[in-house]
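> Pasting a structure below so you can have a look.
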Amino acid sequence: MTIPPGGAQPQSSPDSSRDVPMTAPGPAGSPTAGAAPSAASGPGPAENLWTAAVRRNPEHARGYAERWRRIEASGQDIYGEARLIDAMAPRGARILDAGCGSGRLGGHLARAGHRVVGVDLDAHLIDVAREDHPAARWEVGNLAELDLRDAEGQREQFDLALSAGNVLTFLAGSERRPALARLAEHLADDGRLVVGFGLDRGYEMADFEADVAAAGLRLAQRFSTWDLRPADEQFLVAILERA
(Lines give C-alpha, C1' and ligand atoms only; values in the text may rest on other atoms or scores of the structure.)
Protein backbone atom coordinates (compact mmCIF):
# COMPACT_ATOMS: atom_id res chain seq x y z
CA MET A 1 0.00 0.00 0.00
CA THR A 2 1.46 3.36 -1.02
CA ILE A 3 1.60 6.04 1.66
CA PRO A 4 1.20 9.60 0.32
CA PRO A 5 4.10 11.76 1.56
CA GLY A 6 3.63 14.75 3.84
CA GLY A 7 0.69 16.89 4.81
CA ALA A 8 -3.00 16.13 4.69
CA GLN A 9 -3.59 13.17 2.43
CA PRO A 10 -5.20 14.18 -0.87
CA GLN A 11 -8.17 11.88 -0.50
CA SER A 12 -7.87 9.77 2.63
CA SER A 13 -5.26 8.51 5.03
CA PRO A 14 -3.36 5.28 4.32
CA ASP A 15 -5.75 3.35 6.57
CA SER A 16 -8.79 4.47 4.61
CA SER A 17 -9.68 0.93 3.62
CA ARG A 18 -8.61 -0.72 6.87
CA ASP A 19 -7.60 -3.59 4.53
CA VAL A 20 -11.13 -4.96 4.38
CA PRO A 21 -12.88 -6.01 1.15
CA MET A 22 -15.98 -4.07 0.29
CA THR A 23 -18.41 -7.01 0.31
CA ALA A 24 -19.07 -9.57 3.01
CA PRO A 25 -21.97 -11.98 3.59
CA GLY A 26 -23.68 -12.69 6.86
CA PRO A 27 -25.40 -10.89 9.78
CA ALA A 28 -25.05 -7.20 10.47
CA GLY A 29 -22.07 -5.54 12.17
CA SER A 30 -19.42 -2.84 11.60
CA PRO A 31 -15.88 -1.77 12.38
CA THR A 32 -17.31 0.52 15.02
CA ALA A 33 -20.65 -1.10 15.69
CA GLY A 34 -21.58 -4.53 16.91
CA ALA A 35 -24.90 -6.23 16.36
CA ALA A 36 -27.11 -4.13 14.17
CA PRO A 37 -29.79 -2.14 16.00
CA SER A 38 -33.42 -2.80 15.23
CA ALA A 39 -33.87 -0.39 12.35
CA ALA A 40 -34.91 -0.68 8.75
CA SER A 41 -31.94 -1.74 6.69
CA GLY A 42 -30.88 0.88 4.19
CA PRO A 43 -28.49 0.64 1.25
CA GLY A 44 -25.12 -0.73 2.24
CA PRO A 45 -23.54 -3.97 3.41
CA ALA A 46 -25.70 -6.56 5.12
CA GLU A 47 -22.81 -7.17 7.52
CA ASN A 48 -20.21 -4.76 8.78
CA LEU A 49 -17.00 -5.36 6.91
CA TRP A 50 -14.55 -5.19 9.81
CA THR A 51 -16.45 -7.76 11.84
CA ALA A 52 -16.58 -10.04 8.80
CA ALA A 53 -12.85 -9.68 8.21
CA VAL A 54 -12.00 -10.50 11.83
CA ARG A 55 -14.28 -13.52 11.72
CA ARG A 56 -12.48 -14.78 8.62
CA ASN A 57 -9.05 -14.02 10.09
CA PRO A 58 -8.84 -13.71 13.89
CA GLU A 59 -5.38 -12.10 13.54
CA HIS A 60 -6.67 -9.33 11.27
CA ALA A 61 -6.85 -6.63 13.97
CA ARG A 62 -3.43 -7.56 15.35
CA GLY A 63 -1.85 -7.28 11.92
CA TYR A 64 -3.58 -3.97 11.27
CA ALA A 65 -2.35 -2.48 14.55
CA GLU A 66 1.21 -3.66 14.04
CA ARG A 67 1.29 -2.24 10.51
CA TRP A 68 0.28 1.16 11.87
CA ARG A 69 2.87 0.99 14.60
CA ARG A 70 5.52 0.42 11.92
CA ILE A 71 4.22 3.28 9.75
CA GLU A 72 4.11 5.66 12.71
CA ALA A 73 7.59 4.65 13.86
CA SER A 74 8.96 5.32 10.37
CA GLY A 75 8.23 9.02 10.76
CA GLN A 76 5.84 9.28 7.83
CA ASP A 77 3.26 12.07 8.03
CA ILE A 78 -0.02 10.32 8.77
CA TYR A 79 -1.85 13.05 10.68
CA GLY A 80 -3.46 15.18 7.96
CA GLU A 81 -7.01 14.59 9.20
CA ALA A 82 -6.01 15.38 12.77
CA ARG A 83 -4.40 18.66 11.74
CA LEU A 84 -7.68 19.77 10.17
CA ILE A 85 -9.58 18.95 13.36
CA ASP A 86 -6.95 20.72 15.48
CA ALA A 87 -7.33 23.84 13.32
CA MET A 88 -11.12 23.77 13.78
CA ALA A 89 -10.99 23.29 17.54
CA PRO A 90 -10.56 25.71 20.42
CA ARG A 91 -7.60 24.93 22.65
CA GLY A 92 -8.31 22.07 25.01
CA ALA A 93 -11.45 21.07 23.09
CA ARG A 94 -13.49 17.98 23.81
CA ILE A 95 -13.04 15.73 20.75
CA LEU A 96 -14.63 12.38 19.96
CA ASP A 97 -12.70 10.04 17.64
CA ALA A 98 -15.49 7.81 16.30
CA GLY A 99 -14.09 4.59 14.89
CA CYS A 100 -10.67 5.38 16.30
CA GLY A 101 -8.92 2.12 15.42
CA SER A 102 -5.57 1.97 17.19
CA GLY A 103 -5.59 5.67 18.03
CA ARG A 104 -3.55 7.30 15.26
CA LEU A 105 -5.64 10.50 15.03
CA GLY A 106 -7.03 10.76 18.54
CA GLY A 107 -3.56 10.22 19.97
CA HIS A 108 -2.16 13.05 17.89
CA LEU A 109 -4.99 15.36 19.01
CA ALA A 110 -4.45 14.43 22.65
CA ARG A 111 -0.77 15.29 22.34
CA ALA A 112 -1.87 18.66 20.96
CA GLY A 113 -3.66 19.32 24.26
CA HIS A 114 -7.24 18.31 23.47
CA ARG A 115 -9.43 16.13 25.69
CA VAL A 116 -9.99 13.11 23.47
CA VAL A 117 -12.29 10.12 23.76
CA GLY A 118 -11.91 7.40 21.15
CA VAL A 119 -14.47 4.67 20.50
CA ASP A 120 -14.09 1.54 18.40
CA LEU A 121 -15.77 -1.86 18.30
CA ASP A 122 -12.53 -3.81 18.16
CA ALA A 123 -11.23 -4.53 21.66
CA HIS A 124 -7.72 -5.33 20.45
CA LEU A 125 -7.39 -2.00 18.67
CA ILE A 126 -8.59 -0.21 21.80
CA ASP A 127 -5.96 -2.06 23.86
CA VAL A 128 -3.30 -0.87 21.43
CA ALA A 129 -4.61 2.71 21.57
CA ARG A 130 -4.48 2.65 25.37
CA GLU A 131 -0.89 1.40 25.31
CA ASP A 132 0.41 3.68 22.57
CA HIS A 133 -1.57 6.86 23.28
CA PRO A 134 -2.20 7.06 27.04
CA ALA A 135 -3.04 10.78 27.02
CA ALA A 136 -6.50 10.02 25.56
CA ARG A 137 -9.38 7.92 26.84
CA TRP A 138 -10.30 4.87 24.75
CA GLU A 139 -13.53 2.89 24.94
CA VAL A 140 -14.83 -0.26 23.25
CA GLY A 141 -18.23 0.67 21.87
CA ASN A 142 -20.85 0.47 19.18
CA LEU A 143 -21.38 3.74 17.31
CA ALA A 144 -24.95 2.80 16.48
CA GLU A 145 -25.64 2.49 20.22
CA LEU A 146 -23.21 5.14 21.47
CA ASP A 147 -24.12 6.51 24.89
CA LEU A 148 -21.14 8.04 26.69
CA ARG A 149 -22.01 9.37 30.17
CA ASP A 150 -20.09 11.50 32.65
CA ALA A 151 -19.78 10.87 36.39
CA GLU A 152 -23.16 12.54 37.00
CA GLY A 153 -24.87 10.36 34.42
CA GLN A 154 -25.21 13.13 31.83
CA ARG A 155 -24.52 12.41 28.19
CA GLU A 156 -21.05 13.62 27.27
CA GLN A 157 -20.93 16.49 24.79
CA PHE A 158 -18.11 17.21 22.36
CA ASP A 159 -16.95 20.32 20.55
CA LEU A 160 -15.90 18.21 17.58
CA ALA A 161 -16.35 14.62 16.49
CA LEU A 162 -14.22 12.95 13.83
CA SER A 163 -14.97 9.85 11.77
CA ALA A 164 -12.14 9.30 9.30
CA GLY A 165 -10.75 6.23 7.54
CA ASN A 166 -13.98 5.36 5.68
CA VAL A 167 -15.57 4.24 8.95
CA LEU A 168 -19.12 5.01 7.82
CA THR A 169 -18.76 2.83 4.74
CA PHE A 170 -18.00 -0.20 6.91
CA LEU A 171 -21.29 0.06 8.77
CA ALA A 172 -24.13 -2.21 7.78
CA GLY A 173 -26.87 -0.35 5.96
CA SER A 174 -29.10 -0.65 9.03
CA GLU A 175 -26.43 0.93 11.24
CA ARG A 176 -25.53 4.07 9.34
CA ARG A 177 -28.48 6.24 10.29
CA PRO A 178 -28.48 5.19 13.99
CA ALA A 179 -24.74 5.85 14.19
CA LEU A 180 -25.11 9.35 12.78
CA ALA A 181 -27.99 10.02 15.18
CA ARG A 182 -25.96 8.87 18.20
CA LEU A 183 -23.05 11.05 17.11
CA ALA A 184 -25.41 14.02 16.74
CA GLU A 185 -26.63 13.50 20.30
CA HIS A 186 -23.05 13.75 21.55
CA LEU A 187 -22.36 17.12 19.93
CA ALA A 188 -22.45 20.33 21.91
CA ASP A 189 -24.99 22.88 20.68
CA ASP A 190 -22.38 24.44 18.40
CA GLY A 191 -20.43 21.22 17.90
CA ARG A 192 -19.48 19.81 14.53
CA LEU A 193 -19.00 16.31 13.14
CA VAL A 194 -16.40 15.81 10.39
CA VAL A 195 -16.57 12.61 8.34
CA GLY A 196 -14.56 11.37 5.39
CA PHE A 197 -15.06 8.46 3.02
CA GLY A 198 -14.64 7.40 -0.58
CA LEU A 199 -17.72 7.88 -2.72
CA ASP A 200 -16.83 4.68 -4.58
CA ARG A 201 -17.27 2.54 -1.46
CA GLY A 202 -20.97 1.81 -1.55
CA TYR A 203 -22.35 4.86 0.27
CA GLU A 204 -23.99 7.10 -2.30
CA MET A 205 -24.07 10.83 -1.66
CA ALA A 206 -27.87 10.92 -1.87
CA ASP A 207 -28.18 8.15 0.73
CA PHE A 208 -25.68 9.89 2.99
CA GLU A 209 -27.58 13.19 2.75
CA ALA A 210 -30.86 11.42 3.61
CA ASP A 211 -29.24 9.74 6.62
CA VAL A 212 -27.73 13.03 7.76
CA ALA A 213 -31.13 14.75 7.70
CA ALA A 214 -32.85 11.85 9.47
CA ALA A 215 -30.19 11.94 12.19
CA GLY A 216 -30.91 15.59 13.01
CA LEU A 217 -27.85 16.95 11.25
CA ARG A 218 -27.24 19.20 8.29
CA LEU A 219 -24.43 19.30 5.76
CA ALA A 220 -22.72 22.63 6.41
CA GLN A 221 -19.73 22.24 4.09
CA ARG A 222 -18.42 19.69 1.62
CA PHE A 223 -14.87 19.15 0.35
CA SER A 224 -12.93 16.44 -1.49
CA THR A 225 -9.80 16.30 0.66
CA TRP A 226 -8.65 16.80 4.24
CA ASP A 227 -6.86 19.96 3.13
CA LEU A 228 -10.22 21.32 1.93
CA ARG A 229 -10.04 21.19 -1.84
CA PRO A 230 -13.33 21.70 -3.72
CA ALA A 231 -15.90 18.91 -3.71
CA ASP A 232 -15.69 16.18 -6.33
CA GLU A 233 -17.30 12.80 -6.98
CA GLN A 234 -14.41 10.68 -5.68
CA PHE A 235 -14.02 11.47 -1.98
CA LEU A 236 -16.11 13.28 0.58
CA VAL A 237 -15.00 15.31 3.57
CA ALA A 238 -18.24 16.58 5.13
CA ILE A 239 -18.62 19.05 7.98
CA LEU A 240 -21.94 18.43 9.71
CA GLU A 241 -23.79 20.49 12.29
CA ARG A 242 -26.87 19.86 14.39
CA ALA A 243 -29.98 20.90 12.44
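> Would you mention how many residues in region 109-130 are out of contact with any Gly (no Cβ under 9 Å at 6 or more places or on another chain) and either over 18 Å from Tyr79 (Cα atoms) or open to solvent by 50 Å² or more (accessible area, probe 1.4 Å) (or both)?
4
> Look at Pro90 and say whether it is part of a loop (DSSP other than H, G, I, E, B) and modelled with pLDDT of 90 or more.
When the stated conditions are applied, Pro90 passes them.
> List pairs: first in region 143-163 and under 21 Å from Gly101 (Cα atoms), second modelled with pLDDT under 95 and of a type in the set (Asp, Glu), Cβ under 6 Å, 6+ apart or cross-chain?
The qualifying pairs are Ala144/Glu175; Glu156/Asp150.
> Of all residues in region 232-243 being loosely packed, with under 14 Cβ neighbours inside 10 Å and closer than 16 Å to Glu204 by Cα, which is nearest to the chain's Cα centre (by Cα)?
Once the filter is applied, the top-ranked residue is Gln234.
> Among the residues of region 78-99, is any surrounded by fewer than 24 Cβ atoms within 10 Å (Cβ to Cβ), under 19 Å from Ile239 (Cβ atoms) and touching a Gly at 6+ places or on another chain (Cβ under 7 Å)?
The answer is yes, given that some residue of region 78-99 is surrounded by fewer than 24 Cβ atoms within 10 Å (Cβ to Cβ), under 19 Å from Ile239 (Cβ atoms) and touching a Gly at 6+ places or on another chain (Cβ under 7 Å).
> Can you tell me which residue among Ile85, Ile126, Ile95 is β-branched (Val, Ile, Thr), assigned to a helix (DSSP H, G or I) and closer than 23 Å to Glu145 by Cβ?
Ile126
The values are calculated or read from the model by the stated rules, or taken from the named source; none is laboratory data. Every value quoted in this text rests on a predicted model; they were computed, and no experiment measured them. Please note: Cβ atoms are built from the backbone with ideal geometry, for glycine as well, and neighbour counts cover all protein chains shown. These accessible areas exclude ligands, DNA and RNA; they are computed on the full protein's heavy atoms, side chains included. Shrake-Rupley method; radii C 1.70, N 1.55, O 1.52, S 1.80 Å.
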